[in-house]
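What follows is a short report on a single structure.
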Amino acid sequence: MSRALSLRRSLLHLHLHHHHHHHRPKPLSPPTPPPSKPIQNPFTPVNPGRKFCTSPTPIPSTNSEVRKYIGYTALVIFCGAATYYSFPFPGNAKHKKAQLFRYAPLPEELHTVSNWSGTHEVQTRNFYQPENIEQLEKLVKENNEKKARIRPVGSGLSPNGIGLARSGMVNLALMDKVLEVDKEKKRVRVEAGIRVQELVDGIKDYGLTLQNFASIREQQIGGIVQVGAHGTGARLPPIDEQVISMKLVTPAKGTIEISKEKDPELFYLARVGLGGLGVVSEVTLQCVERQELVEHTFISNMKDIKKNHKKLLSENKHVKYLHIPYTDAVVVVTCNPVSKWKGPPKYKPKYTTDEALQHVRDLYKESLEKYRIAAAKSSDDNEPDINELSFTELRDKLLALDPLSKDHVVKINRAEAEFWRKSEGYRVGWSDEILGFDCGGQQWVSENCFPAGTLAKPSLKDLEFIEKLKQLIEKEEIPAPAPIEQRWTARSQSSMSPASSSAEDDIFSWVGIIMYLPTMDARQRKEITEEFFHYRHLTQAELWDMYSAYEHWAKIEVPKDKDELAALKERLRRRFPVDAYNKARKELDPNKILSNNMLEKLFPISETN
């Protein structure tokens, strides 16, 4: 039977309400043995209900005193109850969403599940983790008969919580095997619950690896494909293009296998299917030979970037720019295979890591003095040694002091530019080691994809977009932290991909804006959230239509305003085959058991022509 969330590896990032993470996720600990008896409840109790403690009170000697003390007692009980129901979660519940007075104690069978950034969460009684395809097929069939929703959810890394559903979820963390490796054809067949890092580790002895990677390695393969995730490299397509066949467990038609040869129309639609066309159970991927890469990081500026942009895109296998608001600095990161003739570059960095970080540490100490909290920090036994913090950890701590002060953020951005200037150099390693990126702590992020010409003839719209975005930030005095990350991919043939195109040589640029959530103070997180959505709204109004930019499916947010939602739905129809997608949903999942609020809002089947 399906095991509970707490039994084995389970979810690394899809948190129950007592779990939290400060920074980049860590690998899971080794699995624990299964229990000897079946578990009926899909969750084990997490936070038992608290009880009030009372102490005996002396009996008053007069009626007036009786009335007085009864009044005092009632007041204390009322205040205690109000406080309890307003703040029912413990102080270390760091993934809580920044909304005051929302939470109340939950029954033991109802638990809170959050995405990694803590920006979206649901309470659910039904969370299933089948161990094999037979259990998954039975689960989907039974829930379809009951018309009970079980939304597919991966590692919970999507900033918008696209896989979350209050009514119920199914997660394939226990279906994580490498099923078959064809070394000659460089293909691998895997269960969809396997995490990217597990897959890479599982096939490296065959001399194989994935063609490209997103910033982190903890995504499940099924999830990373379904949302159209991507790496960087103008010659390399998004990750869904690596899929050459897949198995879907569908409510209406059972398990179906689709590929370019078997039902190609559905295959290209379902590769980026958003979890709405079936539960992806198996994926066959086209891999490449494992190779070492040389990463080169250097600082440039927009004037020089314009001169060298075409060369940078065409001559580097992987390239990305990190733009730093309120500065002219552009951090360029290129990655290429180690030369068979020259070998890795012989380069001695000018600065040590400590030297590169020292001015950032100094800024943190100065800021502590400025905000008059140095004494409190120095007396805090839990405060880590500043010399042991990475750059992203230092940036989080700096931002936490005054995250919405433009002047404070500008100082941090300038310190970041200096850090990168002192970090210029080379690094050599395997592709799965080199292509990662430390994204920092919890955050809000919006990422858009838009056409950028062809590799032979870039339109330069990608650089123009950045220039206008930075001008907008400065004009509106937005406290925009760094970086604005810019990456590129080739086109995708998946019709629901933001990079979909029928032209083989088209390239697309992906630009992400960010605001960190470096504090666990609920009011401050709420204020940061409001400022981020103001920032995002300005970029939407000024840039999206001008550049035909569409948000990454894992980062799109559903508007609360009816008019804004109607405009978004109309906009999605202009870019994506919404009618074809909804037609496939009706055929494969007529009872909408794989759906959730986001899909229903963005793709209401009742509106399909």
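Residue under question is GLY429, and the condition is that it be farther than 28 Å from ASP505 by Cβ, open to solvent by less than 20 Å² (accessible area, probe 1.4 Å), small (Gly, Ala, Ser) and not in a strand (DSSP E or B); does it hold? Please lay out each step first, then the result.
Details: farther than 28 Å from ASP505 by Cβ: yes; open to solvent by less than 20 Å² (accessible area, probe 1.4 Å): yes; small (Gly, Ala, Ser): yes; not in a strand (DSSP E or B): no.
Against the criterion (farther than 28 Å from ASP505 by Cβ, open to solvent by less than 20 Å² (accessible area, probe 1.4 Å), small (Gly, Ala, Ser) and not in a strand (DSSP E or B)), GLY429 does not qualify.
Assuming GLU282 fulfils every condition listed in (1) modelled with pLDDT of 95 or more; (2) out of contact with any strand residue (DSSP E or B) (no Cβ under 8 Å at 6 or more places or on another chain) apart from one, which condition is it?
Unmet condition: (2).
Residue-wise test of (1) in contact (Cβ under 8 Å) with a residue 24 or more places away in the chain; (2) farther than 30 Å from ASN316 by Cβ; (3) in a loop (DSSP other than H, G, I, E, B).
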position: MET246; (1), (2), (3): yes, yes, no
position: ALA252; (1), (2), (3): yes, yes, yes
position: THR255; (1), (2), (3): yes, yes, no
position: LEU266; (1), (2), (3): yes, yes, no
position: VAL283; (1), (2), (3): yes, no, no
position: VAL294; (1), (2), (3): yes, no, no
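What is the residue count in the stretch 218-242 for residues that are assigned to a loop (DSSP other than H, G, I, E, B), β-branched (Val, Ile, Thr) and open to solvent by less than 10 Å² (accessible area, probe 1.4 Å)?
Pass one, the stretch 218-242, residues assigned to a loop (DSSP other than H, G, I, E, B): 218-219, 227-238.
In the following step, the residues that additionally are β-branched (Val, Ile, Thr) were identified as 227, 232.
Filter once more, so that each one left must be open to solvent by less than 10 Å² (accessible area, probe 1.4 Å): none.
Number satisfying all stated conditions: 0.
Collect the residues in the stretch 470-523 that are among the hydroxyl-bearing types (Ser, Thr, Tyr) and not in a loop (DSSP other than H, G, I, E, B), keeping them in residue-number order.
Our first condition is that a residue be among the hydroxyl-bearing types (Ser, Thr, Tyr); within the stretch 470-523, this holds for 489, 492, 494-495, 497, 500-502, 509, 516, 519.
Answer for the stretch 470-523, where residues must be among the hydroxyl-bearing types (Ser, Thr, Tyr) and not in a loop (DSSP other than H, G, I, E, B): THR489, SER492, SER500, SER509, TYR516.
Within the stretch 306-330, can you find the residues that are open to solvent by less than 30 Å² (accessible area, probe 1.4 Å) and either more than 19 Å from ILE514 (Cβ to Cβ) or part of a strand (DSSP E or B) (or both)?
At the first step, the residues of the stretch 306-330 found to be open to solvent by less than 30 Å² (accessible area, probe 1.4 Å) are 309, 312-313, 316, 318-325, 327, 329-330.
HIS309, LEU312, LEU313, ASN316, HIS318, VAL319, LYS320, TYR321, LEU322, HIS323, ALA329, VAL330 - these are the residues of the stretch 306-330 that are open to solvent by less than 30 Å² (accessible area, probe 1.4 Å) and either more than 19 Å from ILE514 (Cβ to Cβ) or part of a strand (DSSP E or B) (or both).
Among the residues in the stretch 333-344, are any in a helix (DSSP H, G or I) and within 28 Å of the chain's Cα centre (by Cα)? Explain how you work it out, then say what you get.
So the first thing to find is which residues in the stretch 333-344 are in a helix (DSSP H, G or I), and the list is none.
No, the stretch 333-344 contains no residue that is in a helix (DSSP H, G or I) and within 28 Å of the chain's Cα centre (by Cα).
Return yes or no: is TYR371 surrounded by 16 or more Cβ atoms within 10 Å (Cβ to Cβ), free of Cβ contacts under 8 Å to residues at least 60 places away in the same chain and either more than 32 Å from the chain's Cα centre (by Cα) or more than 30 Å from ILE239 (Cβ to Cβ) (or both)? Reasoning before the result, please.
Details: surrounded by 16 or more Cβ atoms within 10 Å (Cβ to Cβ): no; free of Cβ contacts under 8 Å to residues at least 60 places away in the same chain: yes; either more than 32 Å from the chain's Cα centre (by Cα) or more than 30 Å from ILE239 (Cβ to Cβ) (or both): yes.
No, not satisfied.
Based on this model, can you work out whether LEU172 counts as within 13 Å of GLN220 (Cβ to Cβ), touching a Leu at 6+ places or on another chain (Cβ under 9 Å) and not in a loop (DSSP other than H, G, I, E, B)?
On the way: within 13 Å of GLN220 (Cβ to Cβ): yes; touching a Leu at 6+ places or on another chain (Cβ under 9 Å): yes; not in a loop (DSSP other than H, G, I, E, B): no.
Answer is no for this residue.
Return a yes/no flag: does the stretch 408-426 have any residue that is more than 30 Å from TRP544 (Cα to Cα), in contact with a strand residue (DSSP E or B) (Cβ under 7 Å, 6 or more places away or on another chain) and in a helix (DSSP H, G or I).
Yes, that holds for at least one residue.
So LEU139 clears everything in (1) open to solvent by 10 Å² or more (accessible area, probe 1.4 Å); (2) in a strand (DSSP E or B) except one condition, right? Which one?
(2)
Please enumerate the residues belonging to the stretch 198-217 that are open to solvent by 30 Å² or more (accessible area, probe 1.4 Å) and not in a loop (DSSP other than H, G, I, E, B).
GLU198, ASP201, GLY202, LYS204, ASP205, TYR206, listed by residue number.
Among the candidates SER423, SER405, SER459, single out the residue that is more than 29 Å from PHE213 (Cα to Cα) and more than 25 Å from the chain's Cα centre (by Cα). So that I can check it myself, show each step before the final result.
Numbers: SER423 fails: more than 29 Å from PHE213 (Cα to Cα); SER459 fails: more than 29 Å from PHE213 (Cα to Cα).
Answer to the selection: SER405.
Please pick out the residue among GLU289, GLU315 that is farther than 30 Å from PHE419 by Cα and among the acidic types (Asp, Glu).
Numbers: GLU315 fails: farther than 30 Å from PHE419 by Cα.
Criteria check complete, one pass: GLU289.
Inspect the stretch 331-338 for any residue being out of contact with any His (no Cβ under 9 Å at 6 or more places or on another chain) and touching a residue at least 24 places away in the same chain (Cβ under 8 Å) and give the result as yes or no.
yes
Taking only pairs six or more apart or across chains, which ones have beta-carbon atoms under 7 Å, a first residue in the stretch 216-228 that is in contact (Cβ under 8 Å) with a residue 24 or more places away in the chain, and a second residue that is aromatic (Phe, Trp, Tyr)?
As it stands, the answer is VAL227/TRP553; GLY228/TRP553, since those pairs meet every condition given.
Matching residues to (1) at pLDDT below 95; (2) not acidic (Asp, Glu):
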{"site": "ILE507", "(1), (2)": "no, yes"}
{"site": "ASP521", "(1), (2)": "yes, no"}
{"site": "GLN524", "(1), (2)": "yes, yes"}
{"site": "PHE532", "(1), (2)": "no, yes"}
{"site": "HIS537", "(1), (2)": "no, yes"}
{"site": "PRO559", "(1), (2)": "yes, yes"}
{"site": "ALA567", "(1), (2)": "no, yes"}
{"site": "GLU570", "(1), (2)": "no, no"}
{"site": "GLU587", "(1), (2)": "no, no"}
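The values are calculated or read from the model by the stated rules, or taken from the named source; none is laboratory data. Note that the structure is predicted; figures quoted are calculated from it, not measured. Neighbour counts are summed over all protein chains in view; Cβ atoms, including those assigned to glycine, are modelled from backbone coordinates with ideal geometry. For the accessible areas, the whole protein counts, side chains as well, though only heavy atoms, and no ligand, DNA or RNA atoms are used. Shrake-Rupley method; radii C 1.70, N 1.55, O 1.52, S 1.80 Å.
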